[in-house]
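Notes for the one structure printed next.
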Amino acid sequence: MEVFARVARPAIMAAGRRDGLRRTAERFPLTRDVVHRFVPGESVDDALDAVVRLRDSGRLVSIDHLGEDVTDADAATENVHAYLTLLDGLARRDEEPAIVRPLEVSLKLSALGQALARDGEKIALENAHTICERAQRIGVWVTVDAEDHTTTDSTLSIVRDLRTEFGWLGTVLQAHLKRTHADCREFAASGAARIRLCKGAYHEPMSVAYRDRDDITDSYLRCLRVLMAGDTYPMVASHDPAVIAAVPALATESGRGRDDFEYQMLYGIRDAEQRRLADAGNHVRVYVPFGVQWYGYFVRRLAERPANLMFFLRALAERRGA
């Protein structure tokens, strides 16, 4: 299975960049039905309904409006408006008992204009600031997602600027990048940073990233030890049983209780494990993506684990035979 993953992952990620395949997948009803395992829907109401179900089971949420790599400023502005609409919806729904703070939204800076040729970083910073202002007003957290390694310096620069005003702002670091241990040390010393540590969903070159599964897991645990020992709120974003099993000892070693960190997992993946951790009294946050631009996100989920790809192929076969 590991050999299959190494061979299949680059091909799957390449498929994620092909517009023709994306358009076909988005029109294919069978594909869209299976996608709902990972993406609950396309509208704000779809996302909020998923939030209610998760909150009823004792889990926290982080909501992501899908969209990335925008090519013009107008598209970036549309994404900002989508987040403001989402935040307004959360503010209205937060009056209902089923939704309890701390709510969170996640955002990708490339969806806010980061990659634009003219003033992209400045535009992304301004757009993210607008979202953070609205989020702060209604008591919702924001976490800035990580993307491929070419964006890391720009993303962390924007995060540092935003944290001068929004100290609660979270960011994502990817353990498969060789630089991340040093980034963890920086944020661990920066004061109360919320850091979501994930393994990484992008196919990166060996010059900047670990590619072997065991090396990535080792890097993850080394980075997590730094975050646990530092002045951070670690968000353990992993489905790996080895990582999850190591967390209690690392927390104890650092003198942390259950309120001092949280587990994070993706919507639709290892739901029983999410419930087990929550039932044991841990904070468990589920990353809930929604929106019409689900294709890139879906492809990355397939590429991350061969089991996801096999699930998708089995589901398609079952639906074709129905």
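The values are calculated or read from the model by the stated rules, or taken from the named source; none is laboratory data. It should be emphasised that the depicted structure is a prediction, and the values quoted were computed from it without experimental measurement. FYI the Cβ positions are ideal-geometry reconstructions off the backbone, even for glycines, and counts take in every protein chain you see. Accessible surface is based on the protein model in full, side chains and every heavy atom, while ligands, DNA and RNA are left aside. Shrake-Rupley method; radii C 1.70, N 1.55, O 1.52, S 1.80 Å.
Please find, among A322, A303, the residue that is open to solvent by 20 Å² or more (accessible area, probe 1.4 Å) and at pLDDT below 95. Working first, answer last.
Details: A303 fails: open to solvent by 20 Å² or more (accessible area, probe 1.4 Å).
After applying the criteria, what remains is A322.
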Restricted to segment 110-124, and to residues that are closer than 12 Å to T77 by Cα and among the aliphatic types (A, V, I, L, M), which residue is farthest from the chain's Cα centre (by Cα)?
-> I123
Out of G170, G255, report the one residue that is of a type outside the set (A, V, I, L, M, F, W, C) and at positive phi.
-> G255
Name the single residue, out of those in segment 158-173 being without any contact (Cβ under 8 Å) to a residue 40 or more places away in the chain and open to solvent by less than 10 Å² (accessible area, probe 1.4 Å), that is nearest to L197 (Cα to Cα).
-> T171
Check whether at least one residue in segment 259-267 is at pLDDT below 95 and not in a helix (DSSP H, G or I), and report yes or no.
-> yes
Is segment 218-228 home to any residue that is in contact (Cβ under 8 Å) with a residue 40 or more places away in the chain and surrounded by fewer than 20 Cβ atoms within 10 Å (Cβ to Cβ)?
-> yes
Filter segment 279-293 for residues that are over 14 Å from the mean Cα position of the chain (by Cα) and closer than 20 Å to I195 by Cβ and give the result.
-> N282, H283
Among the residues of segment 187-215, write down those that are loosely packed, with under 15 Cβ neighbours inside 10 Å and either closer than 17 Å to G230 by Cα or of a type in the set (A, V, I, L, M) (or both).
-> A189, G191, A192, M206, V208
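Any chance you could count how many residues in segment 158-185 are outside any loop (DSSP other than H, G, I, E, B) and more than 22 Å from D215 (Cα to Cα)? Talk me through it step by step, then tell me what you get.
Quick first cut of segment 158-185, residues outside any loop (DSSP other than H, G, I, E, B) only: 158-163, 170-174, 177, 180-185.
Pick out the ones that are also more than 22 Å from D215 (Cα to Cα) and you get 158-163, 170-171.
So the answer is 8.
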Can you pull out the strands (runs of 3 or more DSSP E) entirely within segment 50-157 that have at least 1 residues that are open to solvent by 20 Å² or more (accessible area, probe 1.4 Å)?
-> 60-65, 141-144
